[in-house]
Structures are given as structure tokens and as C-alpha cells.
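*Asks:* Below is one structure. I have some questions about it.
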Amino acid sequence: MAAASLQAMVQYCDRELRVRHIQDYEGAVNGLQVENEGRVRRIAAAVDASLATVKMAIAAQADLLVVHHGLFWGPVIPWTGRKRELLQLLLGHNLAVYSVHLPLDMHPRLGNNACLARALGWQKCTPFFNWKNQLLGLQTRLRLPRAELAARLERAVGGPVKLIPGGPDICRRVGLVTGGAGGDLKTAAAEGVDTFITGEGPHWTYALAEELQMNVLYAGHYATETFGVKALAEQLSRKFRVPWVFLDHPTGL
């Protein structure tokens, strides 16, 4: 089986996703998190790096696991118990891990937001949702009943959508930020959208959405973030001519 250079893949991803230039949450580590012996024959993609997905990647005979939520969000010590088992599996099976969080959300072609927007049939989008002087999401203008928008979103993510009907029956300006942006409804409302799509949010956002007179659709943190890792792995597969597989390990959240 043909093999590609891990270093070449990492350099391509770092450059294409601009991982050194995009600010992320404190503690997030974007880029190569675990190195292997230097060659990649098969890529596995997953939303989360965990003991379960590492075992799935090993079963799939992957050399590289590409994820959105990586292993490190701050100091991870000590490496005992399950953490020791995870480390032993990674090193023992020569499995590299590449993680990319906000840089993947924001990418104009491979990103979670861009891919979900395409799945929803949005033709024209503009950047949206300012966070630390970065625009994380996308917005579009349309004229669509909110019930139909919810139905389209369910088809796109392949699962249930929770609708908070706080805004107008007809959606005209819709914002999208995949993942867990529900706690920032005021940011979305301040940018003028009447409807906001994201993955999940706290209980208190129901009342806040009503106060802001904004529709909110929660489509699942996991479900809205399967798109980017699939797109990235497929791009790497084409460029470096190695096969890839998606490891579906849904959280239901």
C-alpha cells in the first residue's frame, strides 16, 4: 500500500488551515498532537480524540487520526489509568493524532460552518459572529418558514433539532456557528440575525431567546461538527493518495 509523509501532511494542514494565525480557546492545541514514525497509509477522521475513537482507528488500521476535539485542552497529568492505556495504544500502534479546532470551524471551504451551509443549500454567505476579533460563523439572507428551516437542518445533520421559537415565523436572516455557541445568543442577536443555528446551549437560553425575539435551533454539538473532519480527511486523501475512513462515535449531545 502506498504511503505518504506525515510531515508533508502536517505542513499542508497547518498552512491550509492557518493554525498558527487563528486564535483559539485557552489551552487548545492545534496541529500535530501525537507523532508516529513518519508515514501514513490510511487516515481516520473523528470528531473527538478519545480512548474509544483511538481503538476504532487502530481497528481501521489507520496511521493518522484527524480530529476536531483533540487530546489536550490544558495540562493533562498524570498519565495513569485510562490515560496510560490511551498513550500505550497510540505509541504501540504507531498512530499519529492531528487536531484542529477553531481553524477548521472557520475555513471557507473545508470548515464545519461552510460545509453545513452548503448542506442547507445556502448560496450566498457572509462572515458572522465576532469572537476575539475573528468571525467564527456564517450568515445568509433567505425567506423560509422556521419549521421548514428546522426540517432542512434535520436532514443535513441526520438527527433531531431542538427549535426555540422565539423569533418570527418566517426566517429572513440566519446565522450559523457549529458546536457549542448557545451561550452567546446575545452576540448573534447583536449582529442582526432573527434566527441562530448552533449545536447546543444551556437551559437558560430558552428564556433568553424569547427575550431577544430570536429563533434558535440546536442541532447537536457532535452532529454539527462531523462535516469538517470529513472534508479535511477527504482532501488529504485526494492530495496524498491514501484512503480514509470516518469513525462515527456520536455523543447525542
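*Asks:* Do any residues in the range 221-234 that are within 17 Å of residue 97 (Cα to Cα) have Cβ atoms under 8 Å from those of residues that are at pLDDT 95 or above and among the basic types (Lys, Arg), where the two are at least six apart or on different chains, and which pairs are they?
*Replies:* Here the result reads 231/109, each pair linking the range 221-234 to a residue that is at pLDDT 95 or above and among the basic types (Lys, Arg).
*Asks:* Let me confirm something: among 47, 54, 40, which residue is of a type in the set (A, V, I, L, M, F, W, C), closer than 20 Å to residue 7 by Cα and at pLDDT 95 or above?
*Replies:* On the way: 47 fails: closer than 20 Å to residue 7 by Cα; 54 fails: closer than 20 Å to residue 7 by Cα.
Criteria check complete, one pass: 40.
*Asks:* Which one of 208, 212, 236, 217 is closer than 21 Å to residue 109 by Cα and not assigned by TED's automatic domain parsing to the domain that holds residue 60?
*Replies:* Details: 208 fails: closer than 21 Å to residue 109 by Cα; 212 fails: closer than 21 Å to residue 109 by Cα; 217 fails: closer than 21 Å to residue 109 by Cα.
Matching residue, one of 208, 212, 236, 217: 236.
*Asks:* Say whether the condition of being free of Cβ contacts under 8 Å to residues at least 24 places away in the same chain, surrounded by 14 or more Cβ atoms within 10 Å (Cβ to Cβ) and either touching a helix residue (DSSP H, G or I) at 6+ places or on another chain (Cβ under 9 Å) or not assigned by TED's automatic domain parsing to the domain that holds residue 9 (or both) is met by at least one residue in the range 93-100.
*Replies:* Step one: of the range 93-100, the residues free of Cβ contacts under 8 Å to residues at least 24 places away in the same chain are none.
No, the range 93-100 contains no residue that is free of Cβ contacts under 8 Å to residues at least 24 places away in the same chain, surrounded by 14 or more Cβ atoms within 10 Å (Cβ to Cβ) and either touching a helix residue (DSSP H, G or I) at 6+ places or on another chain (Cβ under 9 Å) or not assigned by TED's automatic domain parsing to the domain that holds residue 9 (or both).
*Asks:* Among the listed residues 55, 124, identify the single one that is without any contact (Cβ under 8 Å) to a residue 40 or more places away in the chain and either within 17 Å of residue 178 (Cβ to Cβ) or loosely packed, with under 13 Cβ neighbours inside 10 Å (or both).
*Replies:* Values: 55 fails: either within 17 Å of residue 178 (Cβ to Cβ) or loosely packed, with under 13 Cβ neighbours inside 10 Å (or both).
Selected residue: 124, the only one of 55, 124 that is without any contact (Cβ under 8 Å) to a residue 40 or more places away in the chain and either within 17 Å of residue 178 (Cβ to Cβ) or loosely packed, with under 13 Cβ neighbours inside 10 Å (or both).
*Asks:* Is it the case that residue 141 is in contact with a Lys or Arg (Cβ under 8 Å, 6 or more places away or on another chain) and either outside any loop (DSSP other than H, G, I, E, B) or of a type outside the set (Gly, Ala, Ser) (or both)?
*Replies:* The answer is yes for residue 141.
*Asks:* Determine, yes or no, whether residue 74 is assigned by TED's automatic domain parsing to the domain that holds residue 8, in contact with a Gly (Cβ under 8 Å, 6 or more places away or on another chain) and either under 26 Å from residue 50 (Cα atoms) or at pLDDT 95 or above (or both). Full working, then the answer.
*Replies:* Values: assigned by TED's automatic domain parsing to the domain that holds residue 8: yes; in contact with a Gly (Cβ under 8 Å, 6 or more places away or on another chain): yes; either under 26 Å from residue 50 (Cα atoms) or at pLDDT 95 or above (or both): yes.
So residue 74 fits the description; yes.
*Asks:* Return the only residue of 218, 206 being in contact with a Lys or Arg (Cβ under 8 Å, 6 or more places away or on another chain), more than 18 Å from residue 115 (Cβ to Cβ) and of a type outside the set (S, T, N, Q). It would help to see each step written out before you state the result.
*Replies:* Details: 206 fails: in contact with a Lys or Arg (Cβ under 8 Å, 6 or more places away or on another chain).
Result of the check over 218, 206: 218.
*Asks:* Among the listed residues 209, 231, 188, 156, identify the single one that is buried (at least 21 other Cβ atoms within 10 Å of the Cβ) and within 30 Å of residue 64 (Cα to Cα).
*Replies:* On the way: 209 fails: within 30 Å of residue 64 (Cα to Cα); 231 fails: buried (at least 21 other Cβ atoms within 10 Å of the Cβ); 188 fails: within 30 Å of residue 64 (Cα to Cα).
None of the other options fit; the residue is 156.
*Asks:* Can you give me the number of residues within the range 29-52 that are small (Gly, Ala, Ser) and surrounded by fewer than 17 Cβ atoms within 10 Å (Cβ to Cβ)? Before you say what the answer is, go through the steps one by one.
*Replies:* Step one: list which residues in the range 29-52 are small (Gly, Ala, Ser), which gives 31, 38, 44-46, 49-50, 52.
Now drop any that are not surrounded by fewer than 17 Cβ atoms within 10 Å (Cβ to Cβ), which leaves 31, 38, 52.
The total comes to 3.
The values are calculated or read from the model by the stated rules, or taken from the named source; none is laboratory data. Just so you know, these numbers come straight off a predicted model, no measurement behind them. As a convention, Cβ positions derive from the backbone with ideal geometry for all residues, glycine included, and neighbour counts pool all protein chains shown.
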